[in-house]
Amino acid sequence: HRDLHSFPTRRSSDLTFAVSAGVVDRAALIIGKTVYTESEVEDEARLTDFEAGKPLDLSAAARKQAANQLVDRELLRQEMSATGFQPPTVDANTLLRSFRQQHYSSEAQYREALTRYGVTEDELKQRLDWEVTLLRFTDQRFKPLVALSDPDTANRSETSAQSAAAAV
């Protein structure tokens with residue numbers, strides 16, 4: 001099992017700004033002690049569009065949506081940590097191969113898309129790994145605590161749920 005800190009994140013104490021070289025990556029958002037730079041927000045937008053097969057959109061609205069995704073991800077990391085969730089061991093190469101086969105008809109097409117979107121294979125692997133971790137976490141976190149094995153109990157529960165839905 002890996003720990004939750006193996007997923008990409010930045011801590012304010014870890015940031016180094018290359019001011020003397022003339023390159024500064026501004027902090028775009030801070031969540032607790034985690035700082036995300038403008039380039040990390042842009043990377044999130046690039047990965048989202050790449051994965052969805054959408055045209056690359058780096059507009060202010062797209063960057064705002066990407067920043068919101070990073071906030072959600074950080075809050076989920078904190079929830080995972082607070083609940084003692086153990087991330088699953090995942091073969092990132094298998095995930096990558098599956099993604100590539102589902103979305104691209106050739107290796108050349110896949111490589112061209114990576115270049116066009118400015119996404120690296122490592123970034124994509126980390127993203128796919130995170131998605132599997134998130135699915136496992138939500139499955140574990142929100143699965144029913146009690147299995148309804150008695151048919152009468154299951155029917156009463158279903159009837160109650162239908163009544164509640166009809167009342168809304």
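Just a few scattered comments:
- Subset tally (residues that are among the small types (Gly, Ala, Ser), open to solvent by 30 Å² or more (accessible area, probe 1.4 Å), farther than 10 Å from Ala28 by Cα and not in a loop (DSSP other than H, G, I, E, B)) for the range 38-54: 1
- Unique match (being within 14 Å of Asp129 (Cβ to Cβ) and either of a type in the set (S, T, N, Q) or surrounded by 14 or more Cβ atoms within 10 Å (Cβ to Cβ) (or both)) among Ala67, Ala62, Ala92: Ala92
- The residue pairs whose first member lies in the range 116-140 and is closer than 20 Å to Gly53 by Cβ, whose second member is charged (D, E, K, R) and open to solvent by less than 50 Å² (accessible area, probe 1.4 Å), and whose beta carbons are closer than 8 Å, counting only pairs six or more residues apart or on different chains, are Tyr117/Arg46; Tyr117/Asp49; Gly118/Arg46; Val119/Arg46; Leu124/Glu51; Arg127/Glu51; Trp130/Arg73.
This table checks each residue for (1) closer than 17 Å to Arg127 by Cα; (2) among the hydrophobic types (A, V, I, L, M, F, W, C).
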site: Tyr36; (1), (2): yes, no
site: Glu42; (1), (2): yes, no
site: Gly53; (1), (2): yes, no
site: Ala66; (1), (2): yes, yes
site: Arg73; (1), (2): yes, no
site: Arg77; (1), (2): yes, no
site: Thr83; (1), (2): no, no
site: Pro87; (1), (2): yes, no
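- Checked against the criterion of being among the acidic types (Asp, Glu), open to solvent by less than 40 Å² (accessible area, probe 1.4 Å), part of a helix (DSSP H, G or I) and without any contact (Cβ under 8 Å) to a residue 60 or more places away in the chain, the range 99-109 contains not a single residue that satisfies it.
- Taking the range 70-89 as the range and being touching a Pro at 6+ places or on another chain (Cβ under 9 Å) and surrounded by fewer than 11 Cβ atoms within 10 Å (Cβ to Cβ) as the test, no residue passes.
The values are calculated or read from the model by the stated rules, or taken from the named source; none is laboratory data. Quick caveat, the model's predicted, so the values are computed rather than measured. Cβ sites come from the backbone with ideal geometry, for glycine too, and all protein chains shown count toward neighbours. Just the protein is used for accessible areas: all its heavy atoms, side chains included, with ligands, DNA and RNA removed. Shrake-Rupley method; radii C 1.70, N 1.55, O 1.52, S 1.80 Å.
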